[in-house]
Each structure stands twice: as structure tokens, then as C-alpha cells.
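The values are calculated or read from the model by the stated rules, or taken from the named source; none is laboratory data. Note that the structure is a prediction, hence the values are computed from the model and not measured. With ideal geometry, Cβ positions are generated from the backbone for all residues, glycine too; neighbour counts draw on all protein chains shown.
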Amino acid sequence: MSKKNLATIAVRGGIEIDGQYNAVVPPIYLSSTYAFKGFNEKGPYDYSRCGNPSRDVLANTLAELEQGEHGIVTATGTAAIHLVCQLLRPDDLLVVPHDCYGGSYRLFVNLAQRGAFKLQVINQTNPQELDAAFAAKPKIIWVETPSNPLLRITDLKDICQRAKASDTLVAVDNTFLSPVFQQPLTLGADMVVHSTTKYINGHSDVVGGVVVTKTKELGEELAWWANCIGITGSAFDSYLTLRGVRTLVPRMKQHQENSLALIKVLSEHPAVEVVYHPSLPSHPGHEIAKAQQLGFGAMLSFELKGTTKEVTQFIAALEHFSLAESLGGTESLVCHPATMTHAAMDEAAQLKAGITQNLVRFSVGIEDSDELAADVKQALDSLS
Ligand code: PLP
């Protein structure tokens, strides 16, 4: 069979697999338990925590989109991150970026403090810090590129080459770009993690996660742990998420087109100090992003001139953006990372990660781009 395009995989995943009534769309299997065929004769499923047909269709579709061998669908993105941590023993070292998602940072730090593993937090865009980290032979390096909220870019090929040389597994949080704009497994990573809550589901109505592995063996090990610690995703959430996946490709294109329209307004406005987006030639990661990504993505952040007074005024003036955490839904969101998504980091960690009080983040939705641009312009104008 010829290699399928991502849009075809997203739309066709699980279509016409129903052998009973020939339903075109895969049915939802809500049963928590499955009857044995006879004494000691198990069917393909026995209990929904261990395996569920609706969850499997989603897992297989996401694995195919990421070009991986195995997908494990979890109850949340955080559960997917925690699942990867199950590979670590107390003497193993985990290396993570200093500017990863605040919830990931909180999980890593607290597990390490309880002795689950050793932890090193570094700036992964700094070659000297990478040299020192790899010299300690980590078991796993965790990468988030583009990073949240400053959209810093980490060179995935370089990290994967270094990792191979020191027998380190590479796990990439690909939540910000989705497989439409970045495919870490094809660049040498071993695992891709998503908060499917974001672009993958895309409608801000399901919380979920996934780990996709490059090899069957690693996938089976993680699937065993997911069942053992009981973090697999529900059938209903899987069904809804697969429904969202159907439109992933056209949504991502529109998200990105709208973000470019907003970047133009922000870059030209005197009330804005700096705009962070990898599409900008001034962005330090622009060239790497161009080489390793299939698109620049639709998350963007910027610093307003002034203090929290200006930030408060700007956010209140916006009409088409909801002040909310999360990202990747069809609707546009505005967020103040220091008091919202990254509040779990203490002030020192925030400053180290470059999160200032006048930093604002947009998750750009798929509304009309002219209306979004006009809205941002009038909110910026209101500051003068
Ligand atoms: N990874 C990234 C990049 C995120 O932004 C988030 C949540 O915002 C997560 C992981 C955690 O996912 P969840 O909220 O689904 O647990």
C-alpha cells in the first residue's frame, strides 16, 4: 500500500473496522468488562483498564500520525509524562529543560525529591550545558520544542545524536506542534508525548494524553506500566479525541495562518517590546525550526512595554480571546504565564526560564483572521 498523507491517516483511522454492522465510524465501546469465550479462554479484550477497542483505534491512529510503532493513550497529558518516568530507577538520571511546561517541571522536581530518580535541569539550547549533562550518561533526556511559553527551539537531531552516543533515550513533548508540524521520531527520538487535550483533540472539551514509541518493545513496556498504575484513557474520551483528530490537518493550517496575521500586528505596534515566534528571522531558533519543523506553529508570546498594569488593561480590552490556561482549541486564548500556566515554578525558576511579569501568551484559534488581528490592534491601541 502507498504511504499515506497525514490528512488521510487522520480522517481514515479506524474507518470501517466494525465487523458486526459495518458502521463507517468506529463504534464506542463503553463496557468496562468483556466476557471470556469459555473457561480460561480470553478474547482480545477482558477489562477496559488493560485494553479497550475505542482507545486502541485512537492509539493506532496517533502512532501512525507520529510514524511510531506503538501508542499508549492516557487519561491526561500529565499521566503520559508520568508514564515515561516509570522507565527510571532511583539511580537513573533524567535531564529536562529549564523552560518546560510548569506542570511537567512540578512533576519531575517532586518525583526526584522523593528519590524516584536523579534530575538535572538545564538550558538545552546551550551546548556546554548539554555536554556536561550527557557526560553524566542520563537514562532519559526530556525535550520540549518549541518550549512553553518562549518558543525556544532545541536542535532535535543534535540531541538525538548525542543521546545515541551515551545510550540515552530521547522523549519529546510534541504538544505545541502536533505531528502535522513536527515528527520527532523521524529525527531520531525514541518517544513522543502529547497532551492530546490540546491540538490533537482541538476542541477544549477532553483532557487526555498519549505516548508514541519508536519501537514495539518500548511501547509494550510502557503499555504494561500504564495498565499497572491505572492511567489509561477512557473509552468516551478516546472516541471524542478521535473525532477531533479527523480535522487536525486543516485546523493546524488555519491556526498557523491566523498566528502569522497576529505576529504582523504585534511586531509593528509600539506598545510591544518583543514577539517570540520561530517564524521570525530574529528568533534565535529560526534556522533550526525551519530545518526540523514542517510548520512554525500557532503558539506565540510577547512582552508588552510596561508592567502588570498594562498587561491587565490589554487583556481586559480583548474581545475575541478568553483569559484561560490551556491551548490548541479552535477558540483563541490569552494567558499570563507568570500567574497562570507557570505559577507552579517559584520566582527564581521563572526568571531563569525568562518568564517575566509583562509576558503574554496567545493560543491562536481558527476564528476569522482579520477580526482577530483587528481585535489585537484595538487592545494594543488602548494602552497609549
Ligand atoms: N505538555 C505541555 C506542553 C502542556 O502545555 C501541558 C498542559 O498544558 C501538558 C503537557 C500536560 O497536559 P494535561 O494538562 O493534559 O495533563
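Does S195 qualify as being farther than 29 Å from L351 by Cα and either modelled with pLDDT of 95 or more or surrounded by 22 or more Cβ atoms within 10 Å (Cβ to Cβ) (or both)?
The answer is no for S195.
In the stretch 357-384, how many residues are out of contact with any Ser or Thr (no Cβ under 8 Å at 6 or more places or on another chain) and either surrounded by fewer than 16 Cβ atoms within 10 Å (Cβ to Cβ) or among the charged types (D, E, K, R) (or both)? Outline the logic, then answer.
Just the residues of the stretch 357-384 that are out of contact with any Ser or Thr (no Cβ under 8 Å at 6 or more places or on another chain), to begin with: 368-371, 373-384.
If we keep only those that are either surrounded by fewer than 16 Cβ atoms within 10 Å (Cβ to Cβ) or among the charged types (D, E, K, R) (or both) as well, we get 368, 370-371, 374-375, 377-378, 381-382, 384.
The number of residues fulfilling the criteria is 10.
Return the only residue of E66, E41 being crowded, with 23+ Cβ neighbours inside 10 Å and either within 16 Å of the ligand (Cβ to nearest atom) or in the same structural domain as V121 (by TED's automatic domain parsing) (or both). I'd like the intermediate steps shown before the answer.
Working: E41 fails: crowded, with 23+ Cβ neighbours inside 10 Å.
Of E66, E41, the one residue that is crowded, with 23+ Cβ neighbours inside 10 Å and either within 16 Å of the ligand (Cβ to nearest atom) or in the same structural domain as V121 (by TED's automatic domain parsing) (or both) is E66.
Residues checked against (1) more than 20 Å from K352 (Cβ to Cβ); (2) without any contact (Cβ under 8 Å) to a residue 40 or more places away in the chain; (3) among the charged types (D, E, K, R):
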{"position": "V96", "(1), (2), (3)": "no, no, no"}
{"position": "Y101", "(1), (2), (3)": "no, no, no"}
{"position": "A112", "(1), (2), (3)": "no, yes, no"}
{"position": "V121", "(1), (2), (3)": "no, yes, no"}
{"position": "T125", "(1), (2), (3)": "no, no, no"}
{"position": "Q128", "(1), (2), (3)": "no, yes, no"}
{"position": "K157", "(1), (2), (3)": "yes, no, yes"}
{"position": "P179", "(1), (2), (3)": "yes, no, no"}
{"position": "L185", "(1), (2), (3)": "yes, no, no"}
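I need the full set of residues from the stretch 160-175 which are of a type outside the set (D, E, K, R) and in a strand (DSSP E or B), in order please. Steps first, answer last, please.
The first filter runs over the stretch 160-175 and keeps only residues of a type outside the set (D, E, K, R), leaving 160-161, 163, 165-166, 168-172, 174-175.
Those that are of a type outside the set (D, E, K, R) and in a strand (DSSP E or B): L169, V170, A171, V172.
Mind checking whether some residue in the stretch 314-336 is assigned to a loop (DSSP other than H, G, I, E, B), more than 19 Å from the chain's Cα centre (by Cα) and farther than 24 Å from Q256 by Cβ?
No, there is no match, as no residue in the stretch 314-336 is assigned to a loop (DSSP other than H, G, I, E, B), more than 19 Å from the chain's Cα centre (by Cα) and farther than 24 Å from Q256 by Cβ.
Right, V143: assigned by TED's automatic domain parsing to the domain that holds R55, within 15 Å of the ligand (Cβ to nearest atom) and over 23 Å from E367 (Cα atoms) or not?
Values: assigned by TED's automatic domain parsing to the domain that holds R55: yes; within 15 Å of the ligand (Cβ to nearest atom): yes; over 23 Å from E367 (Cα atoms): yes.
Considered against the rule, which asks whether it is assigned by TED's automatic domain parsing to the domain that holds R55, within 15 Å of the ligand (Cβ to nearest atom) and over 23 Å from E367 (Cα atoms), V143 comes out as yes.
With respect to V172, is the statement that it is touching a Leu at 6+ places or on another chain (Cβ under 8 Å), among the β-branched types (V, I, T), within 13 Å of the ligand (Cβ to nearest atom) and closer than 19 Å to T125 by Cβ true? Explain how you work it out, then say what you get.
On the way: touching a Leu at 6+ places or on another chain (Cβ under 8 Å): yes; among the β-branched types (V, I, T): yes; within 13 Å of the ligand (Cβ to nearest atom): yes; closer than 19 Å to T125 by Cβ: yes.
Yes, satisfied.
Which of the residues that make up the stretch 277-312 are in contact with a strand residue (DSSP E or B) (Cβ under 9 Å, 6 or more places away or on another chain), part of a helix (DSSP H, G or I) and either crowded, with 21+ Cβ neighbours inside 10 Å or not charged (D, E, K, R) (or both)?
V311 - this is the single residue of the stretch 277-312 that is in contact with a strand residue (DSSP E or B) (Cβ under 9 Å, 6 or more places away or on another chain), part of a helix (DSSP H, G or I) and either crowded, with 21+ Cβ neighbours inside 10 Å or not charged (D, E, K, R) (or both).
Among S178, S166, which is surrounded by 21 or more Cβ atoms within 10 Å (Cβ to Cβ) and of a type in the set (S, T, Y)? Talk me through it step by step, then tell me what you get.
Numbers: S166 fails: surrounded by 21 or more Cβ atoms within 10 Å (Cβ to Cβ).
Within the list S178, S166, the selection yields S178.
How many residues does the stretch 69-87 contain that are surrounded by 19 or more Cβ atoms within 10 Å (Cβ to Cβ), more than 25 Å from K118 (Cα to Cα) and within 13 Å of the ligand (Cβ to nearest atom)?
1
Could you list, in sequence order, all residues of the stretch 94-132 that are within 16 Å of the ligand (Cβ to nearest atom) and assigned to a loop (DSSP other than H, G, I, E, B)?
If the condition is that a residue be within 16 Å of the ligand (Cβ to nearest atom) and assigned to a loop (DSSP other than H, G, I, E, B), then H98, D99, C100, Y101, Q124 are the ones that fit.
From the list T213, T186, T232, exactly one residue is of a type in the set (V, I, T), outside the structural domain of F296 (by TED's automatic domain parsing) and surrounded by 24 or more Cβ atoms within 10 Å (Cβ to Cβ). Which is it? Walk me through how you get there before you give the answer.
Working: T186 fails: surrounded by 24 or more Cβ atoms within 10 Å (Cβ to Cβ); T232 fails: surrounded by 24 or more Cβ atoms within 10 Å (Cβ to Cβ).
Answer to the selection: T213.
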